[in-house]
Amino acid sequence: MKKSVIGKSNAKIILLGDHSVVYGQPAIALPLTSVNTTVTMTATAAGQTIASRYFDGPIAQLNSQLAGVVKLITTLLERFDGQQTPFHMAITSDLPAERGMGSSAAVDVAITRAMYRFFDRPLTRDELLETVAIGEKITHGNPSGIDAATSSSAVPIWLIPHETISQIPFHLTGYLVIADSGIKGQTGQAVAAVARRHTTQPDTTNRQIETLGQLSYAARDCLAANEMTRLGGILDSAQEQLAGLGVSSPELDHLITVARANGALGAKLTGGGMGGCMIALCATAASATAVQHALVAAGATATWTEVLHHEEEPA
Ligand SMILES: C[C@@](O)(CCO)CC(=O)[O-]
């Protein structure tokens, strides 16, 4: 066992494939490597305690809102025979919670990495993703794994559930403005709402899900060929399908309209929706700044700009 260790992860942005990925369609997601969650685990004399923005105290008293985290920690303590090992776990995060940036998966990835290091066990990527799914299943009900895969990745990824997770050829140069609508997005509820629609209106819903999948394939071509304007149109089409699935919101719709009116090439919600964040693709730094200012004036509570650049693929 180590004295003090750190586990880290980052925020994620889904470019294409939100919701449709739950039904097996491909998704493209980008890590925001400067927006981090950090878990520090320190050996102590007695007790097992946790300090986070929601809770500060003994792990045994963690409330049901954090049931996914409780399940993850107890599973790992059993796995490592560490039920009696005293430690303190401090969780800090730059990510807004419940905004579609993958905060719950980011916390689970950072906890898993910290606990494997603390108990001095090697951790493979497959084991990391399988472990994070334990917490995510409780928090989100039916996670596709995209949040965990991206918040533990340093490069943009292409994911088809149970089939492929790979680095996506990324030759696009541009700017992605991300804006928080200020409204909590409940991914679990949004996923459940789409599942209900899938049962009550199977034909329409399947068509929307398949269209979203086709848009992911088209976007992959745009990223490989640096076709920014076409990608903007694809984001707009994806937003139309997501709104059709019932996961947009008036606040997101407003920010998306403002971004387009101020020069964005395309815009859509990102993540679970029903609140949370939207993204806008911009061709230049000046355009990204103008869109960002317009979004703040329109009520966005936080904004980030991510510079998109050619990613080297490993040799
Ligand atoms: C809405 C969703 O597609 C993305 C949440 O960030 C759910 C999932 O993939 O688990």
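Values quoted throughout were computed directly from the atomic coordinates according to the rules given, and no laboratory measurement underlies them. In this text, all values refer to a predicted model and were calculated from it rather than measured experimentally. Reconstructed Cβ throughout: ideal geometry from the backbone, glycine too, with neighbour counts over all protein chains shown.
Once the other residues with Cβ under 13 Å from the Cβ of Pro202 are scored (Lys, Arg +1; Asp, Glu -1), what is the net sum?
Spelling it out: positives minus negatives among the neighbours equals +1.
Let's test the formula: R0 of 25 Å, r as the Cβ-Cβ distance of Thr85 and Asp56. What FRET efficiency results, to the nearest 0.05?
0.80
Step through the table entries Lys12/Lys268; Lys12/Lys184; Lys71/Lys137; Lys184/Lys268; Lys3/Lys71, compare each Cα-Cα distance with 21 Å, and write down the pairs that go over it.
Too far apart for the 21 Å limit: Lys3/Lys71.
³J(HN,Hα) across segment 171-183 via Karplus (A = 6.51, B = -1.76, C = 1.60, θ = phi - 60°), whole Hz, x for Gly/Pro?
10, 8, 10, x, 9, 10, 9, 10, 10, 8, 6, x, 9
Quote the Stokes-Einstein diffusion coefficient, in whole µm² s⁻¹, for segment 175-307, based on the Kirkwood radius over alpha carbon pairs, a temperature of 20 °C and a viscosity of 1.002 mPa s.
Using the Kirkwood radius from Cα pairs, D works out to 143 µm²/s.
Over the Cα atoms of the chain, what Rg and Dmax result, in angstrom?
19.5, 59
Express in nm, to one decimal, how much length is gained between Met1 and Thr173 on full extension, taking 0.36 nm for each residue of separation and deducting their alpha carbon distance.
Fully extending the segment from Met1 to Thr173 adds 57.5 nm.
Give me the mean projected area, in nm² to one decimal, of the convex hull enclosing the Cα positions of segment 3-104.
So the Cα hull casts an average projection of 7.7 nm².
What number comes out for the charge environment of Arg117, summing +1 per Lys or Arg and -1 per Asp or Glu over other residues with Cβ under 13 Å away?
Surrounding charge for Arg117 is +4.
Counting alpha carbon pairs within less than 8 Å and at least 6 residues apart, what relative contact order, in whole percent, applies to segment 148-234?
32 percent
By how many degrees, between 0 and 90 and to the nearest 10, does the Cα long axis of helix 103-118 differ from the longest principal axis of the chain?
In the chain, helix 103-118 runs at an angle near 30 degrees to the longest axis.
As a check on your grasp of the helix formula, calculate [θ] at 222 nm for the chain: sum -39500 (n - 2.57) over DSSP H runs of n ≥ 4, divide by the residue count, round to the nearest 500.
-13500 deg cm²/dmol
Treat every Asp and Glu Cβ in segment 175-307 as -1 and every Lys and Arg Cβ as +1, leave all other atoms uncharged, and give the resulting dipole magnitude about the Cα centre to the nearest 20 debye.
Charge dipole of segment 175-307: 180 debye, to the nearest 20.
How big is the charge dipole of the chain about its Cα centre, in debye rounded to the nearest 20, if each Lys and Arg gets +1 on its Cβ and each Asp and Glu gets -1 on its Cβ?
Magnitude of the dipole: close to 540 debye.
Pop out the ³J(HN,Hα) list for segment 196-206 in order, Karplus 6.51 cos²θ - 1.76 cosθ + 1.60 with θ = phi - 60°, rounded to Hz; leave Gly and Pro as x.
Values, residue by residue: 5, 4, 4, 7, 7, 10, x, 5, 4, 5, 4 Hz.
What order do you get for 7-14, 155-162, 28-35, 261-268 when each peptide is scored by the mean count of other beta carbon atoms within 10 Å, highest first?
Most protected by this proxy first, the peptides run 7-14, 261-268, 28-35, 155-162.
Sort the following peptides by mean Cβ neighbour count (other Cβ atoms within 10 Å, averaged over residues), highest first: 292-304, 44-56.
292-304, 44-56
Which whole-number percentage describes the relative contact order of the chain, with Cα contacts under 8 Å and a sequence gap of 6 or more?
Taking the mean separation of contacting Cα pairs over the length of the chain, I get 23 percent.
Taking R0 as 35 Å, what's the FRET efficiency between Thr257 and Ala154 from their Cβ-Cβ distance, rounded to 0.05?
0.55
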